[in-house]
1. Quick check on VAL71: is it part of a helix (DSSP H, G or I), within 17 Å of the chain's Cα centre (by Cα) and in contact (Cβ under 8 Å) with a residue 12 or more places away in the chain?
2. Being modelled with pLDDT under 85 and of a type in the set (A, V, I, L, M) is the filter; apply it to the stretch 128-150 and report the residue that is most open to solvent (accessible area, probe 1.4 Å).
3. Look at the stretch 132-146 and say how many of its residues are assigned to a helix (DSSP H, G or I) and farther than 17 Å from MET162 by Cβ.
4. Mind listing whichever residues of the stretch 82-99 are part of a helix (DSSP H, G or I) and either in contact with a Pro (Cβ under 6 Å, 6 or more places away or on another chain) or within 18 Å of LEU127 (Cβ to Cβ) (or both)?
5. Kindly check whether there is at least one residue in the stretch 100-122 that is over 26 Å from LYS144 (Cα atoms), at pLDDT 80 or above and either under 15 Å from the mean Cα position of the chain (by Cα) or assigned to a helix (DSSP H, G or I) (or both).
6. Scan the stretch 58-80 residue by residue and report those that are surrounded by 13 or more Cβ atoms within 10 Å (Cβ to Cβ) and among the aromatic types (Phe, Trp, Tyr).
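The values are calculated or read from the model by the stated rules, or taken from the named source; none is laboratory data. Remember, it's a predicted structure, so these values are computed and weren't measured experimentally. Cβ placement follows ideal geometry from the backbone for every residue including glycine, while neighbour counts extend to all protein chains displayed. The area values use the complete protein model at the heavy-atom level, side chains included, leaving out ligands, DNA and RNA. Shrake-Rupley method; radii C 1.70, N 1.55, O 1.52, S 1.80 Å.
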Amino acid sequence: FANYAPYSAQRETDTPARHVVLILGESTAYSHWQLYGYDRPTTPQLATLARGPDFVWRYGVAAGVSTRVAVPMFMNAQREPDNLQHIGGKSAALFRLAKQNGFQTAFLSSQKMDGISSSLSSPDIDLWQDINQLDDMPGELDRKLISAIERTGFDWKKPVFMVLNPRCCHSPYDQRLPPDN
């Protein structure tokens with residue numbers, strides 16, 4: 001095993017706590033999102049939100065080619081793919097950092113995520129729901145995530161850190177557009 005320097009994280013003290021919604025599009029290329037300048041309406045709701053003053057977005061790059069690798073590596077802010085000590089210790093797990101800073105936390109996925117929660121610092125996730133729990137939610141496809149957000153029971157006056165993991169990014173978007181678009 002390689003020996004890597006420990007990670008550290010510092011809170012921006014002059015930044016007020018806000019809601020953070022992280023959308024995992026781990027099977028898409030950001031260059032095909034309207035939000036990042038693509039000329040087709042692949043992310044129309046996000047593109048509309050982006051016009052507002054409080055919407056901030058960035059793209060990230062997955063550290064793996066499968067969900068079972070990409071999601072834990074991304075959610076643990078890991079630089080070195082072979083740093084097993086780091087991922088096991090979860091010192092830079094985003095959910096742990098969020099809880100330490102007073103955020104309510106949720107992971108909502110319209111995919112089956114069996115076996116992934118333990119690598120995301122599951123004790124720091126207030127609400128974990130994947131397709132197993134969302135199947136009975138109103139809506140079709142990824143719209144079930146909207147129903148799940150509406151039913152979190154969170155106090156929206158307090159900061160929220162929420163990860164949304166849609167399924168439709170695994171499919172061509174034009175085959176998944178709702179009939180009203």
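1. Here the answer is yes, as VAL71 does meet what is asked.
2. LEU141
3. Of the residues in the stretch 132-146, 1 are assigned to a helix (DSSP H, G or I) and farther than 17 Å from MET162 by Cβ.
4. LEU94, PHE95, ARG96, LEU97, ALA98, LYS99
5. Scanning the stretch 100-122 turns up at least one residue that is over 26 Å from LYS144 (Cα atoms), at pLDDT 80 or above and either under 15 Å from the mean Cα position of the chain (by Cα) or assigned to a helix (DSSP H, G or I) (or both).
6. Matches in the stretch 58-80: PHE74 only.
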